[in-house]
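See structure below.
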Amino acid sequence: QVHLVESGGGLVQPGGSLRLSCSASGTISNIYTMGWYRQAPGKQRELVAAITMGGSTNYANSVKGRFTISRDNAKNTMYLQMNSLKPEDTDVYYCNAEIQIAPRTVPYDYWGQGTQVTVSS
């Protein structure tokens with residue numbers, strides 16, 4: 001059984017910062033690409049940022065220069081540092097990870113439960 005748990009969401013004023021964390025636990029052999037997604041009510045879930053096992057990163061254009069994704073492979077944890085937050089960043093943020101639970105098995109996608117980020121004055 002694998003679990004992803006997000007933390008760090010909350011209410012922040014425009015221009016402020018938040019740091020999200022996502023920790024993976026359970027039976028894990030390897031964690032490949034990890035990513036943060038966000039979704040507003042009635043809209044499709046969209047990729048915010050992704051990071052490979054080797055540390056290569058990819059960002060949505062809307063967050064480039066403001067958000068930084070990172071990971072600590074020893075702790076099975078991923079982070080999203082969000083700076084210069086805007087009201088349009090308000091969403092539920094979800095953690096995603098491609099996880100292999102045993103050697104020579106097919107990796108599967110796992111999702112966290114989501115954490116609310118609200119940017120408002």
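The values are calculated or read from the model by the stated rules, or taken from the named source; none is laboratory data. What you see is a predicted model; the values in this text were computed from it and never measured. Neighbour counts are summed over all protein chains in view; Cβ atoms, including those assigned to glycine, are modelled from backbone coordinates with ideal geometry. For the accessible areas, the whole protein counts, side chains as well, though only heavy atoms, and no ligand, DNA or RNA atoms are used. Shrake-Rupley method; radii C 1.70, N 1.55, O 1.52, S 1.80 Å.
Confirm whether Ser120 is in contact with a helix residue (DSSP H, G or I) (Cβ under 8 Å, 6 or more places away or on another chain), of a type in the set (Gly, Ala, Ser) and in contact (Cβ under 8 Å) with a residue 40 or more places away in the chain. Judged against the criteria, Ser120 is a match.
Only strands (runs of 3 or more DSSP E) whose full extent lies in segment 45-121 are considered here, and the ones with at least 1 residues that are more than 19 Å from Val12 (Cα to Cα), at pLDDT 95 or above and open to solvent by 20 Å² or more (accessible area, probe 1.4 Å) are 46-51, 57-59, 67-72, 91-100, 108-111.
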